[in-house]
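Have a look at the structure below before the remarks.
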Amino acid sequence: MITAVNRPAALHINLAAIKENTRQAKAHLKPGQKLFCVVKANAYGHGAARLAPVMEEAGADGFCVAMLDEGLELRRAQIVKPILVLGLQPAEEAALAAANDISLPVSSLDWLKEAEKVLRKEGLQLKIHLAIDSGMGRIGFSEDEDFKAVNEYLQGNDAFFVEGMFTHFASADSADSSYFDYQVKRFKHMESLLTVKPKWIHVDNTAASLFDKDVASDIVRFGIGLYGLNPSSAPGSQDLEPAFALKPAMSFVSELTYVKQIHKGYGVGYGSTHIAEEDEWIGTVPVGYADGWIRKFQGFKVKVVDTYCPIVGRVCMDQFMVLLPKEVPAGTPVELISADPAAPNSLRRAADWLDTIHYEVACQFNDRLDRIYDNE
Ligand SMILES: *Cc1c(COP(=O)(O)O)cnc(C)c1O
């Protein structure tokens, strides 16, 4: 996909905010804990290769990604700190991971056997993290017998270095901690079955760290908070108070490319879902659903100078229209998303509008949008 650098529409990423959030996350760790910055999905849409060195400088001890290719991107960006892939990879990729010193998660004995063949052929050793499903219902061991068999298999097996054992919480962002406590108990039980001692035992994500859930975790896998977003953010719900102030890093700005007056009865957009009730000033913004600015944004208010103006008519593939309170010139700036967490067009409020979470909104802005990095 071509990144459109020659149009007046871009995501702005405030590097000072990324640095500040990373520093604060690091300062909040318990003694001995390591900060692994989660930069999967292009750093939640913020730009992984650009941000990883910034996070490194601000205190990152390592990085987590979702898949091997994302880890390779970081290595190409000269990142030498540990990189852990969080999702399962095909066993044939074990050699590529090992050759690039990238750690992979393990969820089954069969996978280990397949990976061992590949590794022996190349004379490589792979760093692995044993994934435990303690109640998330996705990857990881959950049966005692399976886990004991893996423990057995790994005894003295030099094709693997057991770097970690980890689990992931389903509800660390919730005020009710009963399911969280259940998961901790399940995880501790699985840990007790292990005689191979992993270097790092880790469970914390942003929420567990920020809301001070008291669990031992050698690594904190800190994701959403680095981008200044509160992990506790279900649509319409009251957010839990984080341990330190988070600074959103992403804003989205464009400008009006065209402004015109329409008269009563005139339609706007596909299907003419907006009909002028009187004479109206309509501005066109050169952003559309092909950028990830989806059709559900119809009705959401974006900021034109200092007025929040509703999106009228359907969002088109590459453009949308706003209802202006008065005539303004083409070229007038439009703020689609504000980095101010209190603004009505913050990422959090946009997620509310779309009935989703800001994680998803940040990720849906795609590569056609240029990302501009400010405040180096
Ligand atoms: C995405 C992810 C994280 C980071 O979660 P945040 O809520 O963004 O902090 C941590 N661990 C695992 C396994 C993940 O998939």
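The values are calculated or read from the model by the stated rules, or taken from the named source; none is laboratory data. All figures in this text were calculated on a predicted structure; none of them were measured in a lab. Note: ideal-geometry Cβ built from the backbone for every residue, glycine included; neighbour counts use all protein chains shown. Ligands, DNA and RNA are excluded from the accessible area calculation, which covers all protein heavy atoms including side chains. Shrake-Rupley method; radii C 1.70, N 1.55, O 1.52, S 1.80 Å.
Results, tabulated for the structure shown:
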{"read-out": "Cross-link pairs beyond the 32 Å C-alpha cut-off, checked among LYS34/LYS296; LYS113/LYS188; LYS213/LYS296; LYS40/LYS213; LYS19/LYS260; LYS40/LYS117", "value": "LYS34/LYS296; LYS213/LYS296; LYS19/LYS260"}
{"read-out": "Normalised convex hull volume, the chain, alpha-carbon set, Å³ per residue", "value": "146 Å³"}
{"read-out": "Tensor-based shape of the range 155-233 (alpha-carbon gyration tensor, a/c under 1.5 rounded, otherwise prolate or oblate)", "value": "oblate"}
{"read-out": "Hz values of 3J(HN,Hα) by residue in the range 102-117 - Karplus curve (6.51, -1.76, 1.60), Gly and Pro given as x", "value": "10, 8, 10, x, 10, 10, 7, 5, 4, 4, 4, 5, 4, 5, 4, 4"}
{"read-out": "ASN345 long-range amide H proximity, modeled H, under 5 Å", "value": "SER338"}
{"read-out": "Dipole moment magnitude, nearest 20 debye, the range 250-338 about Cα centre, only Lys, Arg, Asp, Glu C-beta charged", "value": "240 debye"}
{"read-out": "Heavy-atom surface of the chain, accessible at 1.4 Å and reported per residue (Å²)", "value": "44 Å²"}
{"read-out": "Residue-by-residue Karplus 3J(HN,Hα) for the range 358-370, coefficients 6.51, -1.76, 1.60, Hz, glycine and proline x", "value": "5, 3, 5, 5, 4, 6, 7, 5, 9, 6, 5, 7, 6"}
{"read-out": "Value of relative contact order over the range 119-276, rounded to a whole percent, pairs C-alpha under 8 Å and six or more apart", "value": "17 percent"}
{"read-out": "Globularity ratio of the range 131-262, using Cα Rg and 2.2 N^0.38 Å", "value": "1.44"}
{"read-out": "Dipole magnitude of the range 1-62, debye to nearest 20 (Cβ charges: Lys/Arg +1, Asp/Glu -1, about Cα centre)", "value": "100 debye"}
{"read-out": "Global form of the range 15-227, assessed from the alpha-carbon gyration tensor, a/c cut-off 1.5", "value": "oblate"}
{"read-out": "Prolate/oblate/rounded label for the range 74-187 (Cα gyration tensor, a/c 1.5)", "value": "oblate"}
{"read-out": "The range 169-221 versus the range 297-327: alpha-carbon centroid distance in Å", "value": "44 Å"}
{"read-out": "Between the range 235-254 and the range 1-70, the Cα center-to-center distance that results, in Å", "value": "16 Å"}
{"read-out": "Percent carbon-and-sulfur accessible area, the chain, ignoring ligands, DNA and RNA, probe 1.4 Å", "value": "51 percent"}
